[in-house]
Amino acid sequence: QVQLVESGGGLVQAGASLRLSCIASGRTYAMAWFRQAPGKEREFVARITWNSGGTSYVDSVKGRFTISGDNAKNTVYLQMNSLKPEDTAVYYCAARSLFVNNWNYWGQGTQVTVSS
């Protein structure tokens, strides 16, 4: 069982930046960030696959958010720049094990609030 712990959320004004961090208690195949805004379903934000270093993003954050990490430290980051009020959500870290086709580990979430 892998435990995920997020940190770095907060309240910022539009245009500001935040960096989220997530530390996993064990090795993973890939890690990702999801978010859930009030009254909306949880949506994928970004992912990184450790063996290839490949990343992907939801269109709404491309060019503003960057996912990165250190596989040796079981840590993933989400650098969020040019934040918008519509980025307000609870951000969740997720991880996948090798040979598992879904995100089988989830963190508790960290609140990001962007004021206009």
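The values are calculated or read from the model by the stated rules, or taken from the named source; none is laboratory data. Keep in mind the model is a prediction, meaning the values are calculated, not measured. Accessible surface is based on the protein model in full, side chains and every heavy atom, while ligands, DNA and RNA are left aside. Shrake-Rupley method; radii C 1.70, N 1.55, O 1.52, S 1.80 Å.
With the biggest extent put first, the Cα atoms of the chain measure 42, 25, 22 Å across the principal axes. For residue 10, the amide hydrogen comes within under 5 Å of the amide hydrogens of 112, 113, counting only partners 5 or more places away or on other chains and with H modelled in the peptide plane. Of the accessible area of the chain, computed with a 1.4 Å probe over protein heavy atoms only, carbon and sulfur atoms account for 47 percent. Length available on full extension from residue 37 to residue 25: 0.36 nm per residue minus the Cα-Cα distance, which gives 1.6 nm. Computed extension gain for residue 51 through residue 111, at 0.36 nm per residue and net of the alpha carbon distance, reaches 18.7 nm. By the rule of a C-alpha distance below 24 Å, with chain neighbours fewer than 8 residues away ignored, the lysines paired with residue 62 are 40, 84.
Summed over the residues of the chain and divided among them, the accessible surface reaches 52 Å² per residue at a probe radius of 1.4 Å.
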